[in-house]
Amino acid sequence: MARAVPARKADPNGEASVAAVTAALDRGEDPPQAAVRVAARHLLFALEREVPGRSVEVRVVPVAAVQAVAGPRHTRGTPPNVVETDPLTWVRLATGRLGWAAAVGSGAVRASGARADLSEHLPLGQSGHLPLR
């Protein structure tokens with residue numbers, strides 16, 4: 001029997017941090033690191049809600065990690081499908097400011113496993129659920 005995973009508590013500063021970070025990026029400025037961490041965590045948890053599943057582990061180091069994408073469930077040891085990146089790259093991917101292929105090609109994203117391609121799920125909010133801008 002599958003266990004229900006409790007919903008994560010939303011960070012009250014999540015959306016404001018996403019807005020502040022993306023505004024800074026759009027102006028060509030370096031966003032504040034604290035805001036980048038909050039925004040990355042907020043967007044990572046948004047991925048978890050928007051693309052539910054347990055077949056891919058998405059790690060935004062050192063912010064957080066989630067499991068997402070429908071498919072075979074991973075339960076123990078190193079997962080077969082892993083995506084790993086840094087907080088700023090994740091914010092850029094999740095908001096459409098960086099494409100998946102460019103991020104993987106540059107080495108900013110490390111993706112391993114047959115299901116580790118998140119390109120069809122990014123940018124977030126395509127389903128109309130998430131107000132990102």
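The values are calculated or read from the model by the stated rules, or taken from the named source; none is laboratory data. On a predicted model such as this, the values are computed, not experimentally measured, just so you know. Glycine gets a Cβ as well: all are built from the backbone with ideal geometry, and neighbour counts include every protein chain shown. Quick note on the areas: whole protein, heavy atoms, side chains included, nothing else; ligands and nucleic acids left out. Shrake-Rupley method; radii C 1.70, N 1.55, O 1.52, S 1.80 Å.
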Of all residues in region 64-81, count the ones that are in contact with a Leu (Cβ under 8 Å, 6 or more places away or on another chain) and either open to solvent by less than 20 Å² (accessible area, probe 1.4 Å) or touching a residue at least 60 places away in the same chain (Cβ under 8 Å) (or both).
3
Checking THR95 against (1) farther than 24 Å from LYS9 by Cβ; (2) buried (at least 21 other Cβ atoms within 10 Å of the Cβ), which single condition isn't satisfied?
(1)
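Here are ARG54, ARG59: which of them is assigned to a loop (DSSP other than H, G, I, E, B), open to solvent by 10 Å² or more (accessible area, probe 1.4 Å), more than 19 Å from LEU25 (Cβ to Cβ) and among the basic types (Lys, Arg)?
The conditions single out ARG54.
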On the given criteria, is THR22 modelled with pLDDT under 95 and among the polar types (S, T, N, Q)?
no
Here are some conditions: (1) closer than 21 Å to GLN126 by Cα; (2) open to solvent by less than 60 Å² (accessible area, probe 1.4 Å). GLU84 meets all but one. Which one does it not meet?
(1)
Among the candidates LEU25, LEU47, residue that is in a helix (DSSP H, G or I) and surrounded by fewer than 21 Cβ atoms within 10 Å (Cβ to Cβ):
LEU25
